[in-house]
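Rule-based calculations on the coordinates, nothing more; no lab input. What you see is a predicted model; the values in this text were computed from it and never measured. FYI the Cβ positions are ideal-geometry reconstructions off the backbone, even for glycines, and counts take in every protein chain you see.
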């Protein structure tokens, strides 16, 4: 492993593995809906479901610089589908950066893995 390599925790790597697929699926659903009805209001139940996932994703990203740009949805504000799509795209980009930073090929083990301490 490279001496300059950044490391994360096993817990964060596991949470990433659990949530990234869910985040991608949710983003694709909202992205597709945004193409059809970008101005449609999002129901409170969808906001709660989305925020529950985003809160878990935030626990992965809490030490990353990108966290200051990642907001939860405000259910009192009743966001539109296009607003949710933008927020989810930011989270997806932040998670991709997280993976690029902490996951890679370990030549001594001859496999891809998380860089954890």
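Note on residue 74 and residue 6: with the Förster distance fixed at 35 Å, the Cβ-Cβ geometry gives a FRET efficiency of about 0.60. For 24, 46, 36, the sequence from fewest to most other C-beta atoms within 10 Å is 36, 24, 46. Counting neighbouring Cβ atoms within 10 Å and putting the fewest first, the residues 111, 64 line up as 111, 64. Between the Cα long axis of helix 10-36 and the first principal axis of the chain there is an angle of about 30°, rounded to the nearest 10. Between the alpha-carbon centres of the range 85-101 and the range 34-55 there is a gap of 17 Å. With the helix formula -39500 (n - 2.57) applied to DSSP H stretches of n ≥ 4, the chain reaches a computed 222 nm mean residue ellipticity of -20000 deg cm²/dmol. Of [x] 35, 32, 27; [y] 52, 24, 19; [z] 43, 24, 23, which is the value of Cα extents along the principal axes in Å derived from the coordinates here? Among [x] 35, 32, 27; [y] 52, 24, 19; [z] 43, 24, 23, the one calculated here is [y].
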